[in-house]
Structures are given as structure tokens and as C-alpha cells.
Amino acid sequence: MNDLHEPQFALHVEDLTVTYGAAPALWDIDIDVPPGVMAAIVGPNGSGKSTLLKTSLGLVRPVAGHVRLFGKPISAMRRRIGYVPQRSSVDWDFPADVLDVVTMGLYGQLGWLRRPGAPERAKAMDALSAVGMQDYARRQISQLSGGQQQRVFIARALVQDADLYFLDEPMAGVDRPTEDIIIALLQGLRDRGKTVIVVHHDLSTVEQYFDWLVMLNTRIVAQGPVTEVYTAENLRQTYGHRAALIRG
Ligand code: ADP
Ligand code: MG
């Protein structure tokens, strides 16, 4: 039930605890991300960032708590959610060319009975052009550089035309031009009213790229507008005492 007096958060996480074995990966966390922001999730290695995304997408089951996307469980929202997984978690040897991978982003809209045709391929080509990969449409995905693979996965998310995008370290290991392209595309999505939630590894660009910030270390340290949350004290609480305030 939606309470009309409650703001409708793009991502609402309540009392969420996730464990794989004995130690918790996420401990009793609450998060609210409003719609239309570009949010960063930051925290040290192993702090639960990928787990938070996977749980939000229904790929990992929590031991307690729940997640709502625009007020609904993920099962009701799948077609409106885009996901770019952490690149290291993808098997890049699977035999598919670039256009196939991008066209897969349309399966949610097509349904399983319809095969993609010329209009779908045209949409996929438009998305490839947006990431500067139009000349690679027939290249095997395994034969691309890391940055090129990442651009293809961004293109796949773009054709989906989702309302909420989750991206797990999309800028890790990519070159500067690719990072600039990815950020411009994500900010363009945000400017069109989409919500973009990015696990981000580079503290020096947090203030420049994002308007919302979630700081995580198994528990939530802080969350809110970047201008309020990105402080030396919150960084120390998230990363430990060696962390200093890094600005771009
Ligand atoms: P991050 O993305 O912030 O680096 P993760 O969410 O990947 O953190 O991992 C959080 C913790 O959960 C880590 O201690 C990690 O080792 C553990 N973990 C993650 N995935 C699994 C898994 N499939 N099985 C067991 N432990 C896992
Ligand atoms: Mg991770």
C-alpha cells in the first residue's frame, strides 16, 4: 500500500540484513534515495556495495528487512530497472557479438515470444552510437578492451529505457575518454528524470559527478545530498582513520 503522504522513494531499504556465511555483509541498513538524483554508493572493499545492489535487484535474498523500488517489490518492477554489473563478475568469454549483447537489453520489452527485428536492431545501433561503439557492432564481446566492454554494457542499459539504473563500478579500469562518455550519459539520464545509482570507487570525483551520496561500511555511515554528507568525519567513519578528504 502506498501512503499518499509518504514521499515515493526510487530506492527504499528498510532494516536490511544480508549474510553469506557467518559474518554479515549488510547489517540492519535503512536507505532512502529520492527519484531523479544521481547517487553514489561508496565504501571500502568488502563493505557490501555490490551486495546492496544485488539485494535491491532480487539476486540475493536478505535474512531480514526488505527493499522497495518506487514503492513496489522488485518482482513488480523488473522492466523498469536497468543493471550494469561489476565488470569483474561477468564471464566475458561467452560467444555473442556486440549488437546481440545490446539487443538483449530489449528482451524485457519484447517478451519471450517475439524475436528482435529491424526496429530493435535500429534502437540497439542508436545506443551503440551514443557510447561511440557503432563501428564494433559485429565484433565478439570477448575481443574488446575493458573500456569498450563497459561501453557496450552501458548501451545495453540505455536501450532498456528504465526508470532506475544500478551500475556497479562502471568507471573502474576504463580510460579517461570512456569515463567522460559514461558520466555524460548517466547525467543525461538523470536530467531526463531517471534515477541513477552508481557504486563508485574514486573519491576524488564524488563531488563533481554526483548529487546524492550513500556511505557504506556494512552499516550505513551517512546518506543525503553530497554537499552535506561528503565530510572528513564521515570519510573517517567509512574508511578508517587514514582517510583524508579528497577533492577533485
Ligand atoms: P563490495 O562490493 O563493497 O566490495 P561485496 O558486497 O562484494 O562488497 O562483499 C561484501 C562481503 O560479502 C565481503 O566480505 C565479501 O567477501 C562477502 N561476499 C560477497 N559475495 C559473496 C558470496 N557470493 N559468498 C560469500 N561471501 C560473499
Ligand atoms: Mg563490489
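Structure data summary
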{"read-out": "Helices (runs of 4 or more DSSP H) enclosed by the range 153-248 - at least 2 residues per element that are within 16 Å of ligand 1 (Cβ to nearest atom)", "value": "232-239"}
{"read-out": "Pick from the range 5-41, criterion outside any loop (DSSP other than H, G, I, E, B) and of a type in the set (S, T, N, Q), ranking: least open to solvent (accessible area, probe 1.4 Å)", "value": "THR17"}
{"read-out": "Hits in the range 46-105 (condition: open to solvent by 50 Å² or more (accessible area, probe 1.4 Å), over 21 Å from LEU213 (Cα atoms), within 16 Å of ligand 1 (Cβ to nearest atom) and of a type outside the set (D, E, K, R))", "value": "LEU59, VAL63, SER88, SER89"}
{"read-out": "Conditions (1) more than 16 Å from ligand 2 (Cβ to nearest atom); (2) β-branched (Val, Ile, Thr); (3) in contact (Cβ under 8 Å) with a residue 40 or more places away in the chain: number failed by ILE41", "value": "(1)"}
{"read-out": "In the range 190-207, the residues that are under 15 Å from TYR83 (Cα atoms) and free of Cβ contacts under 8 Å to residues at least 24 places away in the same chain", "value": "none"}
{"read-out": "Candidate set from the range 207-228 (those that are surrounded by fewer than 20 Cβ atoms within 10 Å (Cβ to Cβ) and β-branched (Val, Ile, Thr)); member that is nearest to LEU53 (Cα to Cα)", "value": "VAL226"}
{"read-out": "Given (1) without any contact (Cβ under 8 Å) to a residue 60 or more places away in the chain; (2) in a loop (DSSP other than H, G, I, E, B); (3) touching a helix residue (DSSP H, G or I) at 6+ places or on another chain (Cβ under 6 Å), number of the condition ARG61 does not satisfy", "value": "(3)"}
{"read-out": "Residue list for the range 177-201, restricted to those being within 16 Å of ligand 2 (Cβ to nearest atom), open to solvent by less than 50 Å² (accessible area, probe 1.4 Å) and closer than 16 Å to GLY147 by Cα", "value": "HIS200"}
{"read-out": "LEU128 vs. criteria open to solvent by less than 20 Å² (accessible area, probe 1.4 Å) and modelled with pLDDT of 95 or more", "value": "yes"}
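The values are calculated or read from the model by the stated rules, or taken from the named source; none is laboratory data. Bear in mind the structure is a predicted one, so any value in this text is a computation, not a measurement. All Cβ positions, even for glycine, are placed from backbone atoms using ideal geometry, and neighbour counts span all protein chains on display. Surface areas here come from the heavy atoms of the whole protein model, side chains and all, with no ligands, DNA or RNA. Shrake-Rupley method; radii C 1.70, N 1.55, O 1.52, S 1.80 Å.
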